[in-house]
Amino acid sequence: MAASRIREKMTNGSGHRRRREWLERLDVPTYVIGDVHGRYDLLSALERKIVADAAGLPGRKLIVMLGDFIDRGPASAQVVGRLMAPPPSGFDRICLTGNHEMAMLSYVDGEISLEDWVALGGDATLASYGVDILQLQQQYPKQKKLDTFIRTWLPDDHVNFLRRLPILLDTPKALFVHAGIDPDRPISEQQDDDLVFIRSRFYDSAQPLPKLIVHGHTPIRQAEVNGLRLNLDTGAFHTGRLSAARLWQGRVHITST
């Protein structure tokens with residue numbers, strides 16, 4: 001499959017281990033948002049619901065974004081810009097990387113081709129930055145010049161924001177990550193590619209998990225808790241349903257657009 005080949009290229013090209021975040025306590029109302037995929041409209045609507053829900057709760061609140069902000073949907077550049085801006089008043093925000101952010105960076109760094117990124121929905125991301133690939137291919141028939149133009153066109157501040165994203169957020173009772181974990185490895189030994197790509201080895205495993213794993217990446221019809229797995233990817237870019245979970249005082253409350 002094309003996705004498997006792209007994953008292999010990205011894994012072989014990645015020269016460093018992504019940062020991991022750790023919170024000693026998770027004692028504030030925490031809202032976790034699944035895969036946005038360029039749906040700025042849904043992210044805006046869901047944030048409004050979160051702010052309204054949090055109004056009656058004490059103290060500061062935390063928003064955790066599970067990655068895959070970009071590709072496929074129509075407004076990836078706007079989503080990234082919103083996440084770079086301050087969060088809603090009274091909130092902190094931690095954004096994690098997904099495989100699509102890593103794919104964009106792999107293209108910028110020359111580790112995968114433009115064709116590879118487009119296969120993942122990168123053409124929609126480029127369009128949101130004002131890049132018309134078909135028009136540019138006429139202007140730059142040589143691939144190397146086309147790639148140079150596109151890589152130079154993408155805003156440095158957006159690219160650097162994506163580079164700085166951690167790959168997981170660990171807490172004593174819950175771990176937040178884009179795709180899941182390898183159930184056969186301790187958390188300290190998780191591999192970056194599993195954290196953003198894993199599916200069935202995590203999702204179908206009967207191996208006991210060390211804590212609640214809150215993730216996206218594998219689309220489902222409705223966000224749900226399945227044992228110690230909480231999946232929040234409800235295919236927002238084509239279903240119109242972006243989902244979030246509130247974790248507070250040992251309870252999980254799920255809401256969607």
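The values are calculated or read from the model by the stated rules, or taken from the named source; none is laboratory data. Bear in mind the structure is a predicted one, so any value in this text is a computation, not a measurement. All Cβ positions, even for glycine, are placed from backbone atoms using ideal geometry, and neighbour counts span all protein chains on display. These area figures cover heavy atoms from the full protein model, side chains too; ligands, DNA and RNA do not enter into them. Shrake-Rupley method; radii C 1.70, N 1.55, O 1.52, S 1.80 Å.
Condition check ((1) farther than 23 Å from Asp170 by Cα; (2) modelled with pLDDT of 95 or more; (3) of a type in the set (A, V, I, L, M)) across all residues:
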residue	(1), (2), (3)
Leu23	no, yes, yes
Val32	no, yes, yes
Asp35	no, yes, no
Asp41	yes, yes, no
Asp68	no, yes, no
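Of all the criteria given as (1) free of Cβ contacts under 8 Å to residues at least 60 places away in the same chain; (2) buried (at least 20 other Cβ atoms within 10 Å of the Cβ); (3) of a type outside the set (Asp, Glu), the one not satisfied by Val80 is (1).
Checked against the criterion of being on the phi < 0 side of the Ramachandran plot, open to solvent by 30 Å² or more (accessible area, probe 1.4 Å), at pLDDT below 95 and of a type in the set (Gly, Ala, Ser), region 192-201 contains one or more residues that satisfy it.
Regarding Ser4, is this residue exposed (fewer than 12 other Cβ atoms within 10 Å of the Cβ) and either modelled with pLDDT under 95 or not polar (S, T, N, Q) (or both)? Against the criterion (exposed (fewer than 12 other Cβ atoms within 10 Å of the Cβ) and either modelled with pLDDT under 95 or not polar (S, T, N, Q) (or both)), Ser4 qualifies.
Taking into account only those residues within region 221-238 that are open to solvent by 60 Å² or more (accessible area, probe 1.4 Å) and outside any loop (DSSP other than H, G, I, E, B), which is farthest from Leu46 (Cα to Cα)? It comes out as Asn226.
When region 180-207 is filtered for residues that are more than 15 Å from Ser4 (Cα to Cα) and free of Cβ contacts under 8 Å to residues at least 12 places away in the same chain, the ones remaining, listed by number, are Arg185, Ser188, Glu189, Gln191, Asp204, Ala206. Within region 37-59, restricting attention to residues that are over 17 Å from Ser89 (Cβ atoms) and among the charged types (D, E, K, R), the residue that is least open to solvent (accessible area, probe 1.4 Å) is Arg39.
In the set (1) loosely packed, with under 12 Cβ neighbours inside 10 Å; (2) not in a loop (DSSP other than H, G, I, E, B), the condition left unmet by Ala206 is number (2).
For region 129-146, a tally of residues being open to solvent by less than 20 Å² (accessible area, probe 1.4 Å) and in a helix (DSSP H, G or I) returns 2.
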